[in-house]
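Input: a single structure, listed below in structure tokens.
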Amino acid sequence: MTPERTRMWIVVLGAIVAASYALLRWFALPPPEAAAPRQARQDNEVRNVEMRVYDDTGKPNLVLLSPRIASPRRSEEYLIETPRFDVSNQDGARWKGQSRLGRLDVGKQLLWLQEQVVLDGTRPRREPVTIRSERIQFDLDQRLARSEEAVEIVSAGSRIRGVGLRADLKQSRFVLEKQVEGEYVPQRKQG
């Protein structure tokens, strides 16, 4: 073999190798993606919670129960699953509340109740009363309940509906703000 032919075969073999490599790269499967490193959850979670807040005399004036409470780290807000709570008014009567979802801001002492909110309590003469809405904001310190949604208040002999609520649960006083309509059935006197 002559040196020219040897060079020509080396060039042809080099071209074949380069073309084969290019075709293999072209039809090759893409490399598998590297698994993303797992990030640590940023939530704090507590299950089967019973939280009690006491007044100045040492009596529990708020009890909050939930199967699960979660909070982002370094936050004063807590997401509450199916919260149930119990607060007292000034004459010792209790108000019990529940909803499907809740959010508690510890710094502002506010509890937001959402979806199927029900508050059960008593009026000053110990008459039972129930308040229903889809959203209610509750001030834990002042015992004030507020809503901008449709609200229904049911008590012995009456059913009142309206939009917007301001309720002082300490005094058991309620104000519906607009579109108020109601039904009243007087109770029979016993005698």
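What follows draws every value from the coordinates through simple rules; no lab data is involved. Just so it is clear, the model here is predicted, and its values are computed rather than measured.
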Practice item. Could you run the Karplus curve 6.51 cos²θ - 1.76 cosθ + 1.60 with θ = phi - 60° over region 47-62 and give me ³J(HN,Hα) per residue in whole Hz, x for Gly and Pro? Key: 10, 6, 8, 10, 10, 10, 10, 9, 8, 5, 8, x, 8, x, 10, 8
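Assuming a viscosity of 0.890 mPa s and a temperature of 25 °C, what translational diffusion coefficient in µm² per second does Stokes-Einstein assign to region 59-148, Rh being the Kirkwood radius over Cα pairs? If you can, show how the numbers build up before the last one.
Working: Rh = 13.4 Å.
So the translational diffusion coefficient is about 183 µm²/s.
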Review point. Across bins of 10 angstrom width beginning at 0, how are the C-alpha pair distances of the chain distributed, in whole percent?
Key: 8, 26, 22, 11, 6, 5, 5, 5, 5, 4, 3, 1, 0, 0
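For the chain, compute the number of Lys pairs whose alpha carbons are separated by less than 27 Å, excluding pairs fewer than 8 positions apart on the same chain.
On the way: 59/96; 59/108; 59/170; 96/108; 96/170; 96/178; 108/170; 170/178.
Within the chain, the lysine pair count is 8.
Provide, as a two-decimal number, the C-alpha radius of gyration of region 96-188 over 2.2 N^0.38 Å, N being how many residues it has. If you can, show how the numbers build up before the last one.
Values: Rg = 13.2 Å, N = 93, 2.2 N^0.38 = 12.3 Å.
This ratio for region 96-188 stands at 1.07.
In deg cm²/dmol and to the nearest 500, what is the mean residue ellipticity at 222 nm of the chain if only DSSP H runs of at least 4 residues count, each as -39500 (n - 2.57), divided by the residue total?
Values: 1 runs with 25 residues, N = 191.
My calculation for the chain gives -4500 deg cm²/dmol from helical runs alone.
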